[in-house]
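Take this structure first; my questions come after.
The values are calculated or read from the model by the stated rules, or taken from the named source; none is laboratory data. This is a predicted model, so every value here is computed, not measured. Ligands, DNA and RNA are stripped out before the accessible areas are found, and what is left, the full protein with its side chains, is counted by its heavy atoms. Shrake-Rupley method; radii C 1.70, N 1.55, O 1.52, S 1.80 Å.
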Amino acid sequence: MGDDRANLQRLVIGGLIAAAFFLAGWRLMPTGGSWDALPHILGGMVCFVLGSCAFAVPLARWLAEPWGSLYFSNRRASGKAPMYGIPQAKRKKGMFEEAMADYEAIVRDHPDELRAYVEMMDMAVVDMQDLHRAELVFEHGLLVLQNEHDLRALKAMYRAIASRITRRRS
């Protein structure tokens, strides 16, 4: 909404500037056709060109930006996305402590990233057989996560993951 308003404002300002140039060009253009009037004719033409440019640039932006944003968004990501591939690869290779350190780095950089907490809890229970470590990750997630939906999901995932270790013991 703010971008649309700013583009419309630029268009109106460009239109006013163009109108001033067109008026100046019209006033400079002579009615007679003598060679003495050549500087006035050229001056009038320059005013028409400048007025056209003053209006064409904001008009083109106003018309093209909604369509161009379909392909080239002017919004940038607020930061880089967390990289899960490296800790997942380390986990598959059995390098659980190194993978856990990488997930902890993801949590440090992206504290609201639910997936990292779930991955750490799952690895602690399934691969490391350490329910206490999974509890610590779960408690940390409860303290850090802000989104109510994420908190509910974290609790549900913890119950599901923790039940895997209790089922094995029986």
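Of the accessible area of the chain, with the probe set at 1.4 angstrom, what percent is carbon plus sulfur? Spell out each step's value before the answer.
Working: 7430 of 11920 Å².
Within the chain, the accessible surface is 62 percent carbon and sulfur.
Run the helix sum for the chain: -39,500 (n - 2.57) per DSSP H stretch of 4+ residues, divided by residue count, reported at 222 nm to the nearest 500 deg cm²/dmol.
Values: 7 runs with 125 residues, N = 170.
When only DSSP H runs of four or more count, the value is -25000 deg cm²/dmol.
Given C-alpha coordinates of the chain, what is the ratio Rg to Rh with the Kirkwood estimate of Rh? Don't skip to the end; give the middle numbers.
Numbers: Rg = 32.4 Å, Rh = 21.7 Å.
For the chain, the value is 1.49.
Can you give me the relative contact order of the range 106-157 as a percent, contacts being Cα pairs under 8 Å and 6 or more apart? Walk me through the numbers before you get to the answer.
On the way: 42 pairs, mean separation 19.0, N = 52.
Across the range 106-157, relative contact order equals 36 percent.
Roll a 1.4 Å probe over the protein chains and send me the accessible area per residue for the chain in Å².
On the way: 11920 Å² over 170 residues.
For the chain, the solvent-accessible area averages 70 Å² per residue.
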